[in-house]
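Here is the structure we will look at.
Read-outs: derived from the displayed coordinates by stated rules, not from any lab. In this text, all values refer to a predicted model and were calculated from it rather than measured experimentally. Here the Cβ is made from the backbone with ideal geometry for all residues, glycine too, and neighbour counts use every protein chain on show.
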Amino acid sequence: PSEITVTDITSNSITVTFREARCAEGFFRDRGDE
Amino acid sequence: GVGEAGSEIELVFRAHPLLVEKDGYSQTRFVKTTANATVDHLSKYLALRIALEEQAQRGGADGVTLGEVSEKQYTIYICAGAAGGQYTTLNGSLTLELVNEKYWKVSKPLELYYAPTKEQ
């Protein structure tokens, strides 16, 4: 899977989702010359 | 915008070059999550991800159980500072948004490193 949801009890049981890709291109936003 | 609960954080995640063997889980990972994720969330995510990848390599049979995954811990580091090359251990309770503001401070994906936590 490229997406995993994690709940951590030491972080007030907040649930967050992680998405992972093999490369940054097309996945990370292009920051240009910021 | 920064500070919004739903804002996204982009991470480039690599094995710690000094603490992880080259033949280990050395691939660079490109990860997106929400700004409210903590370092503990990230550590747990990594344990799950690596366990799943190891399980897939073994063909899915006799893989790692979720119980074993939760036992396996990773420490997360950031390489920051003017000179670079200095790895700082991140406290598990820090949110990634705070890590970004406190250590990174640049408009680039947050670069973090991981290594298995040493047993006491």
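Here is how the numbers come out for the structure above:
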| read-out | value |
| --- | --- |
| Candidate set: the range B:89-112, residues that are touching a Ser or Thr at 6+ places or on another chain (Cβ under 9 Å) and in a strand (DSSP E or B); chosen: the one nearest to B:GLU21 (Cα to Cα) | B:THR89 |
| Complete set of residues in the range A:2-34 that are at the interface with chain B (Cβ under 7 Å from one of its Cβ atoms) and among the polar types (S, T, N, Q) | A:THR10, A:SER11, A:THR17 |
| Those residues of the range A:2-19 which are touching a helix residue (DSSP H, G or I) at 6+ places or on another chain (Cβ under 7 Å) and either loosely packed, with under 14 Cβ neighbours inside 10 Å or part of a strand (DSSP E or B) (or both), in sequence order | A:ILE4, A:VAL6, A:ASP8, A:THR10, A:VAL16, A:PHE18 |
